[in-house]
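What follows is a short report on a single structure.
The values are calculated or read from the model by the stated rules, or taken from the named source; none is laboratory data. The model shown is predicted, which means the values in this text are computed figures rather than measured ones. All Cβ positions, even for glycine, are placed from backbone atoms using ideal geometry, and neighbour counts span all protein chains on display. Areas reflect the complete protein model, heavy atoms only, side chains present, ligands, DNA and RNA absent. Shrake-Rupley method; radii C 1.70, N 1.55, O 1.52, S 1.80 Å.
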Amino acid sequence: MHSYILMNIVFVVLAMIVVLRLKVVLSTRALLISSGVLLGCMLVFNTYLTALPIVRYNSERILGLRLGTIPLEDFAYLAVALVLTPSIYLYLKRRIARTP
């Protein structure tokens, strides 16, 4: 049983539901810039954390695919953060702008 991937699926589905309900449109440029910055940071810091005995994954609960020392499942959190965070920000910004 791959429990980490199942947990990621739950987070991704919940994020998709929230984003669809917020009805916001994210700019491609902003997503690309954010993706590059966050992916770079994740690769540096997550590689460090997963290479040391700070973070350990049960090998029976992950897919086993890794980018360096980072399990593939860790990238789902990055994808959720890249879409959910700016979507909530834009939604709240739009909502505040409508308030007199």
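What whole-number value in Å² describes the accessible area per residue of the chain for a 1.4 Å probe? Display every interim value, and only then the final one.
Values: 7340 Å² over 100 residues.
It amounts to 73 Å² per residue over the chain.
Once ligands and nucleic acids are excluded and a 1.4 Å probe is used, how much of Lys93 is accessible, expressed in Å² to the nearest 10?
Rounded to the nearest 10, the figure is 120 Å².
Cα centroids of the range 57-100 and the range 5-43: how far apart, whole angstrom?
Cα centroid to Cα centroid, the span is 5 Å.
In a GNM of the chain with a 10 Å cut-off on Cα contacts, which of Pro86, Pro71, Pro53 has the highest mean-square fluctuation?
Pro53
Step through the residues of the range 6-21 one at a time and calculate ³J(HN,Hα) from phi using the Karplus curve (6.51 cos²θ - 1.76 cosθ + 1.60, θ = phi - 60°), rounding each to whole Hz and writing x for Gly and Pro.
5, 5, 5, 4, 4, 4, 5, 5, 4, 5, 4, 4, 4, 4, 5, 6
Got a sec to turn the phi values of the range 86-100 into Karplus ³J(HN,Hα) couplings, 6.51 cos²θ - 1.76 cosθ + 1.60 with θ = phi - 60°, whole Hz, x for Gly and Pro?
x, 5, 5, 4, 5, 4, 5, 4, 5, 5, 5, 5, 7, 7, x
First measure r as the distance between the Cβ atoms of Val37 and Tyr91, then evaluate 1/(1 + (r/R0)^6) with R0 = 22 Å and state the FRET efficiency to the nearest 0.05.
Details: r = 22 Å, r/R0 = 0.99.
Working from the Cβ atoms, E equals 0.50.
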